[in-house]
Amino acid sequence: MNILEIIEKKRDKKELKKEEIDYFIEGYVNNSITDYQAAALVMAIYLNGMTKEETTNLTIAMANSGEILDLSNLNKIIVDKHSTGGVGDKVSICLLPLVASIGVPVAKMSGRGLGFTGGTVDKMQSIPGYKTELDMENFIESVENIGISMISQTMNLAPADKKLYALRDSISCVESIPLIASSIMSKKIASGAEKIVLDVTVGYGAFMKNIKNAEMLAKEMIEIGKLAKRETICILTNMNEPLGYAIGNNLEVIEAIKFLRGDMPDDLKQVVLELGAYMIKMSGLGNNIENNKQKMIENIKNGKALEKLVQMVKNQGGDISYIENTDKFPKAKFIEPIITKKEGYIKEINAEEIGKLACYLGAGRIKKEDKIDNEVGIILNKKVADKVEKGETLAYIHANDLNKLEDAKEKMKEIIKIDNQKIGKEQTIFGICK
Ligand code: URA
């Protein structure tokens, strides 16, 4: 067996055997297969797809490429959460302290930004001092002691995914069902959770642009979960416009803190409550979805959810004064409003375009070595279906570079589309796949 024959086979639309997939993953992780060979194979998979069996074998090979975390000592049902990616997606930062405050143990490993979507790890790192790299002992101890830890994909968990994730991002091979399913499920299997709730985003700002593809991705992940004995539920959520109002690292952390104080944008609230209600149910703490949502609302009102975030940030070395006073987060040099000359109703705010613009301002990476600028981004002042009057502010651009600010101002006027016709709000939750 050699890698050239494997690339050739996939290039020619043939099915790969388990041994060939294992050979590729092992060789890529131990560097005997080069980045350019892996890139060729990944592109062939992207173009020609994989059968269900190939995707399952790829997932298992990736999960077994490193350690498999054993959380059984915790003696608790661990329910993990993951998103297929979005723009303005600060769900984990709102949701995980919230469910932890109800007693759901949270042992969460998050990713960095990928393509035009942001990553929770980058966002958490905008809290000064917050350590996203804990060793296994500290990670487990934190979950035992305070019921929650959110870290980056450290340790030697699914190292094949770490390499493939960065490679796919750098060769425009992200939006592929077998590659996304294997990436997510290999991490989830390696990180030891018994049960998994997945936020499968759909729309302009998601990797799945329509419900049919999102359902296919969901079914594939549920199937892999079954084979690996991890009960998996997928919630299909709308990602046509950004989630909430803030896009950018500091800006999204501030929005998440305000959320936990009770200032909840409607779409973000619906996604958080839906995912949370299933996490509570799967961990055996409440069978009734509506009652679970009520419990979460209570813990936002009584401050317990915010207190859990403070506890976690403190435990991981972060400066909690930033949570107590969000004005402490450093601001971009230029904050400029986008003012409309038109009146009518907001017809579209394309989340992918907004994600790319935020990346251009510096909130995300174009190359994997790029440094992120935590201060920059976009704050929307309006959402789809809102009425606008001439002279009203549609959004604010937060920029640290004057040229980029000017470009962004022009681009924003194209991205936010206004129509004379009244427009209804889109659904936020499209459905549940089990
Ligand atoms: N999130 C992941 O972890 N992997 C992907 O491929 C896409 C989103």
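The values are calculated or read from the model by the stated rules, or taken from the named source; none is laboratory data. What you see is a predicted model; the values in this text were computed from it and never measured. Every residue, glycine as well, gets a Cβ built from its backbone with ideal geometry; the counts of neighbours run over all protein chains shown. Keep in mind that these areas ignore ligands, DNA and RNA; they rest on the heavy atoms of the full protein, side chains included. Shrake-Rupley method; radii C 1.70, N 1.55, O 1.52, S 1.80 Å.
At a glance:
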{"read-out": "Residue, farthest from the chain's Cα centre (by Cα), within region 72-99, restricted to residues that are more than 16 Å from the ligand (Cβ to nearest atom), open to solvent by less than 10 Å² (accessible area, probe 1.4 Å) and more than 15 Å from PHE259 (Cα to Cα)", "value": "ILE78"}
{"read-out": "Every pair of residues 6+ apart whose Cβ atoms lie under 9 Å, when the first sits in region 245-257 and is assigned by TED's automatic domain parsing to the domain that holds GLY86 and closer than 11 Å to ILE354 by Cα while the second is of a type in the set (A, V, I, L, M, F, W, C) and part of a strand (DSSP E or B)", "value": "ALA246/ILE378; ALA246/ILE379; ALA246/LEU380; ILE247/ILE378; ILE247/ILE379; ILE247/LEU380; GLY248/ILE378; GLY248/ILE379"}
{"read-out": "Failed item, numbered, when LYS13 is tested on (1) free of Cβ contacts under 8 Å to residues at least 12 places away in the same chain; (2) on the phi > 0 side of the Ramachandran plot", "value": "(1)"}
{"read-out": "Helices (runs of 4 or more DSSP H) contained entirely in region 107-171, each with at least 1 residues that are within 16 Å of the ligand (Cβ to nearest atom)", "value": "120-124, 159-170"}
{"read-out": "Test result for LYS188, buried (at least 22 other Cβ atoms within 10 Å of the Cβ) and among the basic types (Lys, Arg)", "value": "yes"}
{"read-out": "Tally, over region 59-71, of residues that are open to solvent by 60 Å² or more (accessible area, probe 1.4 Å) and over 30 Å from ILE45 (Cα atoms)", "value": "1"}
{"read-out": "Per-region count, region 400-429, residues in contact with a strand residue (DSSP E or B) (Cβ under 8 Å, 6 or more places away or on another chain) and open to solvent by 70 Å² or more (accessible area, probe 1.4 Å)", "value": "8"}
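Yes or no, residue by residue, for (1) in contact (Cβ under 8 Å) with a residue 60 or more places away in the chain; (2) assigned to a strand (DSSP E or B); (3) of a type in the set (Asp, Glu):
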site: GLU19; (1), (2), (3): no, no, yes
site: VAL42; (1), (2), (3): yes, no, no
site: ALA61; (1), (2), (3): yes, no, no
site: ASP80; (1), (2), (3): yes, yes, yes
site: GLY88; (1), (2), (3): yes, no, no
site: ILE102; (1), (2), (3): yes, no, no
